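Take a look at the structure below.
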Amino acid sequence: MMEPVRLKVELPQIPNIELVAIEGLERLAQHLGIADEKIGEARILVTEAIINALEHAGTQNPEVHVEFTMTAAEITILVKDFGKGFDPGSVPDPSIAQKLGSEHKRGWGLRLMKSMSDDFRIESGTDGTKITIKKFLS
């Protein structure tokens with residue numbers, strides 16, 4: 001069995017920077033011989049987690065730290081921002097009916113990430129938020 005491969009990257013708050021992390025994710029997958037279709041959902045998870053983190057990172061320390069640990073069987077994705085944090089229990093599940101009639105169409109990120117993950121955890125406090133996602137690849 002191959003050793004896990006790890007990639008850490010610090011992303012500044014600039015447009016489309018999540019594509020750098022996606023490129024890294026794809027390179028790790030190629031290195032491990034993981035089929036592209038197995039990485040599709042991981043790509044969505046990474047994109048959503050980074051965009052959320054950048055949006056909530058604040059202005060004091062607007063970068064986002066991303067770390068992937070990947071084997072042929074699974075990937076662990078860590079995304080950390082340094083914003084003011086939030087109470088994950090206070091975020092309501094979005095309702096399709098309400099969103100259709102609203103100007104505010106966003107707010108699906110946490111629900112999407114939970115539904116696509118094999119394990120999903122949020123730790124949040126005054127020093128920022130860390131999301132940890134596990135996704136099985138086999």
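A few points about this structure:
- Test set (1) modelled with pLDDT under 90; (2) outside any helix (DSSP H, G or I); (3) among the hydrophobic types (A, V, I, L, M, F, W, C) - residue 14 fails condition number: (1)
- The set of residues in the range 74-89 that are over 16 Å from the mean Cα position of the chain (by Cα) and under 20 Å from residue 23 (Cβ atoms) is empty.
- Some residue of the range 94-110 being outside any loop (DSSP other than H, G, I, E, B), crowded, with 16+ Cβ neighbours inside 10 Å and modelled with pLDDT of 95 or more: no
- Considered as a group, the residues in the range 8-40 that are of a type in the set (Asp, Glu) and surrounded by fewer than 17 Cβ atoms within 10 Å (Cβ to Cβ) include one that is nearest to residue 59 (Cα to Cα), and that residue is 10.
- When every residue of the range 58-75 is checked against the conditions, at least one turns out to be among the small types (Gly, Ala, Ser) and touching an Asp or Glu at 6+ places or on another chain (Cβ under 9 Å).
- Some residue of the range 58-73 being loosely packed, with under 15 Cβ neighbours inside 10 Å and within 16 Å of the chain's Cα centre (by Cα): no
- Under the condition of being of a type in the set (Lys, Arg) and outside any helix (DSSP H, G or I), the residues counted in the range 21-61 number 0.
The values are calculated or read from the model by the stated rules, or taken from the named source; none is laboratory data. None of the values given here were measured: they were computed from a predicted structure. Every residue, glycine among them, receives a Cβ derived from its backbone with ideal geometry; neighbour counts consider all protein chains shown.
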